[in-house]
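Values in this text are rule-based calculations from the coordinates and carry no lab data. Please read all numbers here as calculations on a predicted model, not as lab measurements. Methodologically, a virtual Cβ is constructed for each residue, glycine included, from the backbone with ideal geometry; neighbour enumeration extends over all protein chains shown.
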Amino acid sequence: MLAVAVGIVGVTFGVLADAAGLSLAKVVAMSALVFTGASQFAAVSVIDGGGSGAAAVGSAMLLAARNALYGPVVARGLPRSTAGRLLGAQFVIDETTAMSSVQDNPDDAGDAFWWTGLWLWSFWVIGSVGGALVGSVLGEPETWGLDAAFPAAFVALIMPHLRSSPGRFAALGGAGLAIVAIPFTPAGVPLLVAATAVIPVSIIATRATGNGVRP
Amino acid sequence: MSWLMVSVLIAGAYGFKVLGVFGLAGHRTGRVANRMAALTALIPAALFAALIVVQTLGSDQSISVDARLGGLLASVVAVSRRAPFVVVVVVAMAATATLRAVAG
């Protein structure tokens with residue numbers, strides 16, 4: 001079920017990446033090798049908005065950083081060998097971490113991690129390819145309202161992050177900084193400016209709770 | 001987006017994952033690690049909000065209110081009714097395309 005849902009999100013990514021002018025090969029490379037959805041959406045969205053490649057990669061990297069925090073959570077289910085860990089690392093994303101973390105013992109955690117990873121990866125790549133092919137026959141993106149698909153995708157993605165009050169403040173701060181930065185900076189840069197909103201919010205949140213915010 | 005940039009993104013995204021799996025991020029406990037975790041956890045909220053604003057109101061370096069705003073409102077309604085991801089996206093596209101057809 002989860003894999004099918006992820007496949008459909010992959011289709012959306014493929015369509016949007018195509019609208020942003022990415023070739024099929026680049027769509028496949030991103031989905032198969034970057035394999036972290038939020039970063040991919042952010043990158044193609046910056047490109048679509050006329051931003052530079054550097055600004056696109058910058059925003060995508062900021063979002064990819066959280067996968068480093070997931071490593072320790074899934075580590076108990078991973079093989080001891082370096083090769084096994086290097087391979088497993090590619091599957092460390094939101095969903096595999098969630099599925100692995102709810103298991104009772106390391107064996108089950110490992111099974112959940114690998115199966116979730118393999119299924120999601122396959123559906124994500126296939127979905128992206130399908131989306132890119134659909135996108136290439138759609139024609140003029142504006143006629144279909146495709147430019148409205150980007151913000152809508154992020155509305156869906158942001159919801160879980162608005163459950164905590166630090167998350168809500170970070171969102172408000174990010175949105176505010178982005179609006180202020182639009183007229184003064186080249187496309188893509190407002191996002192990097194907006195990311196600085198997390199610094200004051202996290203300092204205040206860390207002081208308030210003593211140990212920071214958990215994802 | 002050039003192949004160079006795609007490669008940088010691939011290397012960077014994988015680098016973060018490897019960092020976590022090999023414990024470089026996890027074994028360092030204490031205040032610095034906690035601060036980093038707090039910062040990283042908040043990045044999606046700030047960046048997604050900024051992306052929503054930029055994609056809805058931005059056109060090059062100016063702010064313009066157009067049919068995209070209708071799409072955004074439609075997506076908020078869809079999300080608040082717990083619609084699945086694709087429905088949220090399609091509803092926003094349909095609302096924007098309709099507004100454009102009617103106005104244009």
FRET efficiency for A:A25 and B:S59, using Cβ-Cβ distance with R0 set to 41 Å, rounded to 0.05: 0.85
Nitroxide proxy distance, nm - points 7 Å out along Cα→Cβ at A:R163 and A:L33: 3.5 nm
Volume of the Cα convex hull of region A:90-215, divided per residue and given in Å³: 154 Å³
Residues of region B:60-85 with amide N under 20 Å of the 7 Å Cα→Cβ point at A:L138: B:60, B:66-79, B:83-85
C-alpha center-to-center spacing [region A:171-187, region A:3-26] in angstrom: 27 Å
Backbone HN-Hα couplings from phi across region A:123-135 [Karplus 6.51/-1.76/1.60, Hz, Gly and Pro as x]: 5, 5, 5, 4, x, 4, 4, x, x, 5, 5, 4, x
Residues whose placed amide H lies under 5 Å from that of B:S59, excluding near-sequence neighbours: B:S64
Share of Cα-Cα pairs in chain A lying beyond 23 Å, as whole percent: 52 percent
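Per DSSP H run of at least 4 residues, take -39500 (n - 2.57); add these up for chain B, divide by its residues and hand me the 222 nm value, nearest 500 deg cm²/dmol.
It lands at -26000 deg cm²/dmol.
Quick one: compute the contact order of chain A, relative version, from alpha carbon pairs under 8 angstrom and 6+ residues apart, as a percent. Can you show the working numbers first?
Working: 264 pairs, mean separation 61.2, N = 215.
Value for chain A: 28 percent.
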Sparse-neighbourhood loop sites, chymotrypsin sites (Phe, Trp or Tyr not before Pro) in region A:1-49 - DSSP loop, at most 14 other Cβ within 10 angstrom: none
Length-normalised contact order of chain B in % [C-alpha pairs under 8 Å, at least 6 apart]: 16 percent
Rg/Rh (Cα only; Kirkwood hydrodynamic radius) as it applies to region A:163-215: 1.07
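Tell me the volume per residue, in Å³, of the convex hull enclosing the alpha carbons of region A:1-110.
In region A:1-110, the Cα hull volume divided by residue count equals 104 Å³.
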Coordinate range along principal axes, alpha carbons of chain B, Å, largest first: 58, 36, 26
Distance between modelled label sites at A:R207 and B:D66, nm, 7 Å Cα→Cβ extension: 4.4 nm
In nm, spacing of pseudo-spin labels at A:D111 and B:L73 (7 Å Cα→C-beta vector): 5.1 nm
